[in-house]
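One structure is given below, encoded as structure tokens.
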Amino acid sequence: MELTQIRLLVSDFTAVYRFYRDVLGLKPQYEAENGPYAKLSPDTGHAAIALQDRAQMADVLERLQEEGEGHRALVVLRVDDLDATHTALVARGAEFLREPGPMGDRMRVAYLEDPEGNLIELQEWLALRAGA
């Protein structure tokens with residue numbers, strides 16, 4: 001597994017985006033001020049923070065509460081074979097909130113929680129973004 005990002009689930013996407021871009025000075029991978037998703041990085045290194053609109057994520061995971069309470073962030077891990085990883089984790093006792101399935105046409109994802117209720121997204125990349 002490879003850690004790809006820590007993603008914040010936000011209710012006021014534009015305000016949070018402007019804070020990370022304009023106040024902290026992080027550079028967006030591409031301009032997405034109105035969301036629903038953006039990834040921003042400092043000038044050095046490969047680390048990044050991602051923002052995702054809470055309402056959009058609630059459409060993906062019905063269990064996610066819309067406002068105020070509940071999940072605020074999720075850890076994103078890339079795996080080479082989502083089905084094999086899912087099978088191995090279930091065999092070790094993991095319980096999934098969402099079984100492996102498509103997320104757009106570039107990746108497949110599955111979701112689970114750690115014992116404290118923190119969300120974890122497992123990603124299998126099917127295609128890279130053009131120019132990557």
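Counting only alpha carbon atoms, the long axis of helix 82-91 and the longest principal axis of the chain meet at about 60°. Each Lys or Arg adds one and each Asp or Glu takes one away; over the other residues whose Cβ falls under 11 Å from the Cβ of Val76, this sums to +1. Just need the Rg to Rh number for the stretch 1-46, please, alpha carbons only, Kirkwood Rh. So for the stretch 1-46, dividing Rg by the Kirkwood Rh gives 0.96.
Segment Leu8..His46, full-extension length gain: 11.9 nm, with 0.36 nm per residue of separation and the alpha-carbon distance subtracted.
Taking 0.36 nm per residue of sequence separation and removing the Cα-Cα distance, the Ala55/Leu24 pair yields an extension gain of 8.7 nm.
The stretch between Tyr37 and Ala88 holds 15.4 nm of extra length on full extension. This uses 0.36 nm per residue minus the Cα-Cα distance. Per-residue ellipticity at 222 nm from helix content only, as computed over the chain with -39500 (n - 2.57) for each DSSP H run of at least four residues, stands at -4500 deg cm²/dmol. Take every DSSP beta bridge whose two residues both sit in the chain; close to 70 percent of them are antiparallel. Other residues within the sphere of radius under 11 Å centred on the Cβ of Ala50, judged by their own Cβ, net out at +1 (K and R +1, D and E -1).
Which net charge results for the neighbourhood of Arg108, defined as the other residues with beta-carbon distances under 12 angstrom from its beta-carbon, given Lys and Arg at +1 and Asp and Glu at -1?
Here the charged neighbours net out to -4.
Since every read-out is calculated from the coordinates, none of them should be taken as a lab result. Note that the structure is predicted; figures quoted are calculated from it, not measured. A quick note on method: Cβ atoms are made from the backbone with ideal geometry, for glycine too, and the neighbour counts reach across all protein chains shown.
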